[in-house]
Every structure is written in C-alpha cells, then in structure tokens.
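Here is the structure we will look at.
The values are calculated or read from the model by the stated rules, or taken from the named source; none is laboratory data. Because the structure is a prediction, the values reported are computed rather than measured. Please note: Cβ atoms are built from the backbone with ideal geometry, for glycine as well, and neighbour counts cover all protein chains shown. Note: accessible area is taken over every heavy atom of the protein model, side chains too, but ligands, DNA and RNA are not part of it. Shrake-Rupley method; radii C 1.70, N 1.55, O 1.52, S 1.80 Å.
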Amino acid sequence: MAETSRQLVLDYLKACYSGDLDSAAAYYDDNIDFICYAPVELFPRFGQKHGKAEMIASLADMHSRFDIVEYEVRFVAAEAERVAASLVLRMRSKDNGRIIRSEIGNFYTLRDGRIVTYRQFLDSFDVVQQVLGRDLVGAIMKSGG
C-alpha cells in the first residue's frame, strides 16, 4: 500500500506541475481539504481550500501567473495512506520574468486512491522577498528593527 501511495503522489505532482489540470483533478477527493500555511493577503491562491473545484481553480490561477521551470522531488516517505514529500519548485513569473524558487513540504492523506487532505508548508518570507526582488531582512536590520 505504501508504495502505491508514494507513486500516486509522484504521479499527482507530475500532473500538477505540468499544467495538466484534468489529470491533477483526478487525484482529488470531491471533498479535499487543503491548507497552505502562507499569508493569503500576499498569496491569494494559498490558504485553505475545500473541494475539488477550489483546488482546480487554485491550480489554474498558479499556471496563469507562473510558468513552471522545474520541480525536483527531494524526498518522499509513505506509510499506508499517508505520504510526505519534500520538493523544490522553480517558477517564472509571467508578469516580470523573475524566477521564484521555493522549498516545499507537502503532507497528504489518501483514501480510495484520492487525496483527501493536503497540507503544504513553505518559507513564505523567502518567497515574498523573491517576488518583490528585495532583501527584506537587510531592510529591517537597517531600519533598526
């Protein structure tokens, strides 16, 4: 079961990052519960999503704003219907051509071959700096913060 779960997540990631929304959607349970722990004020496609339709809309939004340059799965662990994956994602902003690199931790729970819960963690502060093209830590330190 663990190997099947592991492969299911790898296949999902391939569909997700290739822009094949129909294939990616086939991996979602109708009532999928997704949370990406990042400030939704800055990243409206993140935050909490419920259901397949919201997930598809979120993926479509990501692909409308960014071209996926590459993703690299660094680690996958599976136990029964629970899977954890660590990956690096590189995207090019369609607005300004800037490359955004993010290290991501994903945690999935599967049921009947579908993703029912999906939790995503990333260093949102680092992503904000990349999107803005500014060293915010340096700016904060210079201001005495």
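How charged is the neighbourhood of T117? Take every other residue with its Cβ under 15 Å from the Cβ of T117, and add Lys/Arg as +1 and Asp/Glu as -1. It would help to have the intermediate numbers written out before the result.
Values: positive: K49, K52, R82, R111, R114, R119; negative: D29, D30, D33, E54, E79, E81, D112.
Value of the local net charge: -1.
Counting Lys +1, Arg +1, Asp -1, Glu -1, what net charge surrounds I32 among other residues with beta carbon under 13 Å of its beta carbon? The partial results should precede the final answer.
Numbers: positive: K49, K52, R111, R114, R119; negative: D29, D30, D33, E54, D112.
Value of the local net charge: 0.
Might you tell me the accessible area per residue for the chain, computed with a 1.4 Å probe and given in Å²?
With all protein chains present, the chain gives 55 Å² per residue.
Calculate, in nm to one decimal, what T117 and R101 gain on full extension: separation in residues at 0.36 nm each, minus their alpha carbon distance. If you can, show how the numbers build up before the last one.
Working: separation 16, 0.36 × 16 = 5.76 nm, distance 2.45 nm.
Full extension from T117 to R101 adds 3.3 nm.
Only Cα pairs under 8 Å and at least 6 apart count here; give the relative contact order of the stretch 1-135 as a rounded whole percent.
Values: 257 pairs, mean separation 33.0, N = 135.
Relative contact order of the stretch 1-135: 24 percent.
Which listed residue (S58, A26, T109) has the Cα farthest towards the positive end of the charge dipole for the chain, taking +1 on Lys and Arg C-beta and -1 on Asp and Glu C-beta about the Cα centre?
Positive-most Cα among the choices belongs to S58.
Across the chain, how many lysine pairs, 8 or more positions apart or on different chains, have C-alpha atoms separated by under 25 Å? Please give the number.
Values: K14/K49; K14/K52; K14/K94; K49/K94.
Within the chain, the lysine pair count is 4.
To the nearest 10 degrees, how steep is helix 2-18 against the longest Cα principal axis of the chain, on a 0 to 90 scale?
50 degrees
Could you compute the net charge surrounding F66? Neighbours are other residues with a C-beta less than 14 Å from the C-beta of F66; K and R count +1, D and E count -1.
Residues close to F66 contribute a combined charge of +3.
On a 0 to 90 degree scale, rounded to 10, what angle separates helix 52-65 from the longest Cα axis of the chain?
For helix 52-65, the angle is close to 40 degrees.
Would you please give the residues with an amide H less than 5 Å from that of G47, counting only those at least 5 places away or on a separate chain, with H modeled from the backbone geometry?
Those qualifying (amide H under 5 Å, at least 5 residues apart or on another chain) are C36, A38.
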